[in-house]
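Before any comments, here is the structure.
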Amino acid sequence: MVGHGWVISHCLLVLGLTTTSSSRSLPGNITVAGVFQIHKSTSERCSSDVIKTSVQHLEAVKWVFKRLNENNYIPGRTIGFSIYETCERKDEASSATFRMLNEMETSSDNSLTSAPNILAVIGPESNEETGVVSGILSYLPPEDRIAQIGFSITASRLANASVYPNLFRVVPNDSIEAKVMVSLLKKIGWNYIAILFVDSVHEREAALHLKTLAEEDNICVRLFQELSVSESGGIHVIKLTDFIKKSITIHKIGGLVFYGNADKVESLIFIMNQILEEIAEIPAMIFSGDLRTQVFKDGDSVIEAGKGSFVVSVNKRETTDFAAHWKLLFQNQSYLHEEALTNPWLLDVFENTKQCRPSKDIVCDDLSAEELMSLTDVSLYTSYAIEAAYAIAKSLSLTLEDCGENCQPNPGKVMETLKNVYVDHTQDFVTGDIQDRMTKFDVNHDVVTQNNLPLYDIYNFRDSEGGFDLIKVGEWIDSSLALDLTSVRDYRNGEEILWPHIKKAQCPVGEQCDYCISAAPEIPYAMYYEPGDVLVVALMPIFNRGTGPLMCDGIRLEFGLQVAQGLVFITEKANRKTGVFKDIFPGMHVGLVVLDSCNSALVAEEALITLFKKGVRLLNGTYIQIEDKIIGFIGEQGSTVSLAGYNIIGKKNYVQVSYASTNPVLSDRNLYPLFMRVTTPDDKQGAVMIDIAKQLNYTYIQIVYSVGKYGEGGRDSVREAAGKNKVCIAQEIAVEEFKDYDKILNELRKEWHAKFVIIFLRSHVIGDVMEKLNNQMENGNEFTFLGSEAWGSNKNNLRKNTKLVGSLTVALEMGQQADFNSHLVTLRAGSYPNNPWLKTYLQGKLECHFDSSFDKREARECDDTDTLANYPEFEQDIWTPFAMNTLVAYLLGANQTFFSLCGNEAKVMCPNFHTKPQELIKNMKKVEIDTQQNGQPTRVFDDNGDGMAAYTIYNIQFDLQDSTKLVYKHVGDAPHGQPTHLHHSKLVFPEVVSECPNPQKCLECFPVDVISDPSVIEETDNTVLILGCVLGVALAILSLFLIVTLVKLRTVRNDLQATRDYIHPKRFFDMDTEPRAHDSGEPRYYRDPMNNFQLEAQTTPNPQDE
């Protein structure tokens, strides 16, 4: 490094840093530097207050090197150890680093005895100081770059070899701790928490990492608060007290996760204890880091607020030999004095406890048993400091072996060796203190985790045989948390509480935690995943669409989870290889992926893009790629979302089969060549609906339809059929989802003559709209409705809507599988652990709440006995059989395609399968299955890839057995490709008229009949003159009639003004509202434009008028 000295010295002068020398702990001809805090900091400088744990870390590293030197570990060489102090300050860490470099540059020569020739650095002990030191050392040229190894630094940001190229560490980083925290929260039932952290870079990063992972796992972080620290290092007690009180009284937080050092933890527990005197219950607490029992005590007294707390820390390893050495230091003052020659701060540690400093001339009183216990506790990170020392030692040994007997290696070579070092502590260091462990580093210089060994420990502050202590209750091993819940204790009003009755940080019973629902991840990361050798991916709405882009709302209790569960059921059947599946993918497991579209085109696209880019998300938050196993896609339900999905699925060359999309545009194979569906398109349904209207003599109608592809496609099909059949559409009313349902009736009344109303609304909208109309209508005669297949025979749309009696619906139906009904009614919350939505669905259906729910407005708690069998009106959703048959047809067609393209012996997907989707379509069109469950297999698809299901026509009537209930009465059918047949004798409907009120209204629908027959045109030319004459005479007569009428009206007006007997102007123009003529003297009534009965004013007949 000769040549850098002037630059370093100049930097030191400019920065005003001291150039005092280091403390030489061990002499040696190759040197390792140790950067330790040693003393606490004041506002401007180092204090005289020694840090026991830092001195212990230093001693542990010195102890390793001393033993290795005594055993001639590196033949002919001894490892020296130089100490640089930081006093918990970043500026001192920077100064120490420059001092280190300056001392290396100013060495008098390059002989082996020249001091110090630093080849590696251990420390510092804090993340911030480590970043500073690494930032300086990393700027050195590669050949002079000094390797730096940390043993107590956990910040995730330091795991970046491009930013910190010289930095290594032997302790796991905070990204793993965040996973441990989330697993702990889930196991103890916490999902409604606050995170509080000290204002520092490390604590903020750790807290933010936890927040991100927690929210991905549906744990609601209701409050995320930084705790400001004063210049002296203390916390603002008033601000902290106010925050905690608000979190309890306003937000009702039951659990707090805190990031801060031991001093801040002590302050927090003290404040919590004060609040406990005012408020009966305070949040339970989880802490991170190296804490001791004394943190939870005030002298000898246990602080009540700290009882039951959890502590998460890196695994504390046994260091038997060093622990014995450390204890002997404070039991034997002669031994202490001897070791203090290479670690003088040992005397400070002793003096702080005994107020006496031993020396050759001074012998202090022996430590009491209690004093000895407080001094001889081994720090959490001491074993990691020992591991770091051994890793450095082996790297030095290997480098010197390659270098030769008398060479002086440069630091860059040592660092290159450290990158690839593999330390087997049992084999490499017989005298070591961390046996059965291996040390090696990954590409970011983080230590590689070792299987079957714990990385983190979980402690519970609880009562035990020796009094209150931190008792180990769990370990993080092999990426999972093993937690002994039977050992966990909580405390309430002095009483010890056992699991499962401990305090759980959850949304309070009786409330809905709206923040947690609205703050859920904007993109639906959750998905159902059953692994398999071949996979079908389903896209369907499990939750409702939210108010903003990529937002989801509450779970759908109809047409969602149950449909998905039908696919799960069919997948399980397929893997049993029986029935129609006996030859399905032999020797292979069929898997299933279900993505939630939230009934939103944007969400569906995002879910598909995520699937193709990242793969499926496992329950632990990681992703795996599956695209090479996908045989195809099922979905979506709504036409709008199906079209959005096709934009991605089709471009990836997969076949998409919908189980419920009916928009006619999806039949266009020029636009959608890889799209199929099991449902009949709406252009056929529109014709059926108009046929029903014609058979009932309804020629003047209205349409209410959903905005979007489904509703608009249905509207268009009705338009087309109406035009062909001379049925006039008076009005078309568009309905946006969840908007202005209460205004629909007023719109219908604007065309009140059109009493027959066709409903083309989406399935999840119909119930709310019809309930609103039923409540607003004055009677059941005001309008009669005809619902599309989305209404069908869904009983939930009837409810108590008695004014719907007489209305009709058109249904697409497939037979229900009886064994699936049995499967559904036995589902429990834990039936499918890999189904992230089942618990929420059951809670909504059964009107109870689970512990983990954010909606606990239902007071009753769900239990293991709660199933859908307890739901009095539970039935299969109308689309469930369609989805199940879609999957059956897909698997059968894909099975044939797979073996024809990939070979009879194939066990994995081959490229041909993905490159020839038309072969799959051809085979699916041939599939015949028993869709009606009547034992008669039929084709599922027509030649165009559309469904061939028949329409069933229902009439809403009162139940003959219970007149308070409404039922669907089967009154007709419209088989595929056949005429509509309506059983008029079975119908019950209001005697209403739905026809044009006057010729002008009809002309608005059909202004002129277009004549296209040439023979008619020829005949017309011959009669033009005659028609002209007739028309002229007719106009003359009409003019005379109008003059007479105006004179007559003037006379009537004068008479009315005289008597002030006003008549509603509607009675002159709407013939339907005129009172019926009769001869009796009884009062006469007429129906006004709002369909209300009104009493007609009585007058005395005038014989001349008759």
Looking only at the stretch 344-359, how many residues end up being of a type in the set (A, V, I, L, M, F, W, C) and more than 20 Å from Ala60 (Cα to Cα)?
1
Looking at Ile193, is it touching a residue at least 60 places away in the same chain (Cβ under 8 Å) and touching a Cys at 6+ places or on another chain (Cβ under 8 Å)?
yes
Any residue at all in the stretch 947-956 that is crowded, with 20+ Cβ neighbours inside 10 Å, within 21 Å of Lys582 (Cβ to Cβ) and out of contact with any Ser or Thr (no Cβ under 6 Å at 6 or more places or on another chain)?
no
Given the conditions (1) surrounded by fewer than 19 Cβ atoms within 10 Å (Cβ to Cβ); (2) touching a Leu at 6+ places or on another chain (Cβ under 7 Å); (3) in a helix (DSSP H, G or I), and given that Phe65 satisfies all but one, which numbered condition is not satisfied?
(1)
Among the candidates Gly591, Gly621, residue that is closer than 30 Å to Ala178 by Cβ and either hydroxyl-bearing (Ser, Thr, Tyr) or not in a loop (DSSP other than H, G, I, E, B) (or both):
Gly591
Hits in the stretch 362-417 (condition: within 43 Å of the chain's Cα centre (by Cα) and of a type outside the set (S, T, N, Q)):
Val378, Leu380, Tyr381, Tyr384, Ala385, Ile386, Glu387, Ala388, Ala391, Met415, Glu416
Let me spell it out: the conditions are (1) outside any loop (DSSP other than H, G, I, E, B); (2) touching a residue at least 12 places away in the same chain (Cβ under 8 Å); (3) among the polar types (S, T, N, Q), and Gln427 meets all of them except one. Which number is the exception?
(2)
Note: among Leu210, Leu196, Leu256, just one is touching a Phe, Trp or Tyr at 6+ places or on another chain (Cβ under 9 Å), closer than 21 Å to Val295 by Cβ and not in a helix (DSSP H, G or I), namely Leu196
Within the stretch 860-871, can one find any residue that is of a type in the set (Phe, Trp, Tyr) and either at positive phi or assigned to a loop (DSSP other than H, G, I, E, B) (or both)?
yes
When Thr809 is run through (1) among the polar types (S, T, N, Q); (2) within 30 Å of His981 (Cβ to Cβ); (3) out of contact with any Leu (no Cβ under 8 Å at 6 or more places or on another chain), the failure sits at (3)
Of the conditions (1) open to solvent by 50 Å² or more (accessible area, probe 1.4 Å); (2) under 19 Å from Glu558 (Cβ atoms); (3) part of a loop (DSSP other than H, G, I, E, B), the single one that Asn835 does not satisfy is (1)
Please name all residue pairs, on different chains or six or more residues apart, with Cβ atoms under 7 Å, provided the first residue is in the stretch 950-979 and is closer than 18 Å to Glu873 by Cβ and modelled with pLDDT under 95 and the second residue is of a type in the set (Ser, Thr, Tyr) and open to solvent by 60 Å² or more (accessible area, probe 1.4 Å).
Leu966/Thr802
Name the single residue that is nearest to Thr382 (Cα to Cα) among those in the stretch 42-62 being small (Gly, Ala, Ser) and open to solvent by 50 Å² or more (accessible area, probe 1.4 Å).
Ser48
Cβ pairs under 8 Å, 6+ apart, first in the stretch 350-379 and in contact (Cβ under 8 Å) with a residue 40 or more places away in the chain, second in a loop (DSSP other than H, G, I, E, B)
Leu375/Leu367; Asp377/Arg292; Val378/Thr319; Ser379/Asp290
For residues that are of a type outside the set (A, V, I, L, M), open to solvent by less than 70 Å² (accessible area, probe 1.4 Å) and touching a strand residue (DSSP E or B) at 6+ places or on another chain (Cβ under 7 Å), scanning just the stretch 924-946, find the one that is nearest to Pro681 (Cα to Cα).
Asp946
Among residues belonging to the stretch 695-744 that are within 46 Å of the chain's Cα centre (by Cα) and on the phi > 0 side of the Ramachandran plot, point out the one that is most open to solvent (accessible area, probe 1.4 Å).
Phe738
Taking the condition buried (at least 19 other Cβ atoms within 10 Å of the Cβ), closer than 18 Å to Val349 by Cα and aliphatic (A, V, I, L, M), does Val35 pass?
no
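Table: residues versus (1) of a type in the set (Gly, Ala, Ser); (2) in contact with a Gly (Cβ under 6 Å, 6 or more places away or on another chain); (3) open to solvent by 10 Å² or more (accessible area, probe 1.4 Å).
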site: Leu539; (1), (2), (3): no, yes, no
site: Cys552; (1), (2), (3): no, yes, yes
site: Ala574; (1), (2), (3): yes, no, no
site: Ser597; (1), (2), (3): yes, no, no
Considering only residues that are assigned to a helix (DSSP H, G or I) and open to solvent by 40 Å² or more (accessible area, probe 1.4 Å), which ones fall in the stretch 750-771?
Asp768, Glu771
So, in the stretch 838-864, of the ones that are open to solvent by less than 50 Å² (accessible area, probe 1.4 Å) and without any contact (Cβ under 8 Å) to a residue 60 or more places away in the chain, which residue ends up nearest to Lys503 (Cα to Cα)?
Phe850
Examine the stretch 779-800 for a residue that is more than 20 Å from Tyr951 (Cβ to Cβ) and of a type in the set (Asp, Glu), and state whether such a residue exists.
yes
The number of residues in the stretch 469-496 that are closer than 30 Å to Gly299 by Cβ, of a type in the set (A, V, I, L, M) and outside any strand (DSSP E or B) is 1
Could you list all residues from the stretch 242-274 that are touching a helix residue (DSSP H, G or I) at 6+ places or on another chain (Cβ under 7 Å) and open to solvent by 30 Å² or more (accessible area, probe 1.4 Å)?
Lys245, Ala262, Glu266, Asn273
Filter the stretch 477-497 down to residues that are over 17 Å from Trp190 (Cβ atoms) and hydrophobic (A, V, I, L, M, F, W, C) and give me whichever is surrounded by the fewest Cβ atoms within 10 Å (Cβ to Cβ).
Ala482
If you scan the stretch 258-295, which residues turn out to be of a type in the set (Phe, Trp, Tyr) and farther than 20 Å from Asp469 by Cα?
Tyr259
Just checking, how many residues over the stretch 881-923 are farther than 19 Å from Gln656 by Cβ, open to solvent by less than 20 Å² (accessible area, probe 1.4 Å) and not small (Gly, Ala, Ser)?
1
Name the residues in the stretch 285-314 that are touching a Ser or Thr at 6+ places or on another chain (Cβ under 9 Å) and within 17 Å of Val180 (Cβ to Cβ), would you?
Met285, Ile286, Phe287, Ser288, Gly289, Asp290, Leu291, Val311, Val312, Ser313, Val314
Between residues in the stretch 450-474 that are closer than 24 Å to Ser152 by Cα and residues that are among the polar types (S, T, N, Q) and in a strand (DSSP E or B), which pairs lie under 7 Å by C-beta distance while being six or more apart or on different chains?
Tyr456/Ser313; Asp457/Ser313; Ile471/Asn460; Ile471/Ser464; Val473/Asn460
Can you say whether Ala393 is modelled with pLDDT of 95 or more and within 20 Å of Leu329 (Cβ to Cβ), as far as the supplied structure shows?
no
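The values are calculated or read from the model by the stated rules, or taken from the named source; none is laboratory data. Remember, it's a predicted structure, so these values are computed and weren't measured experimentally. Note: ideal-geometry Cβ built from the backbone for every residue, glycine included; neighbour counts use all protein chains shown. Areas reflect the complete protein model, heavy atoms only, side chains present, ligands, DNA and RNA absent. Shrake-Rupley method; radii C 1.70, N 1.55, O 1.52, S 1.80 Å.
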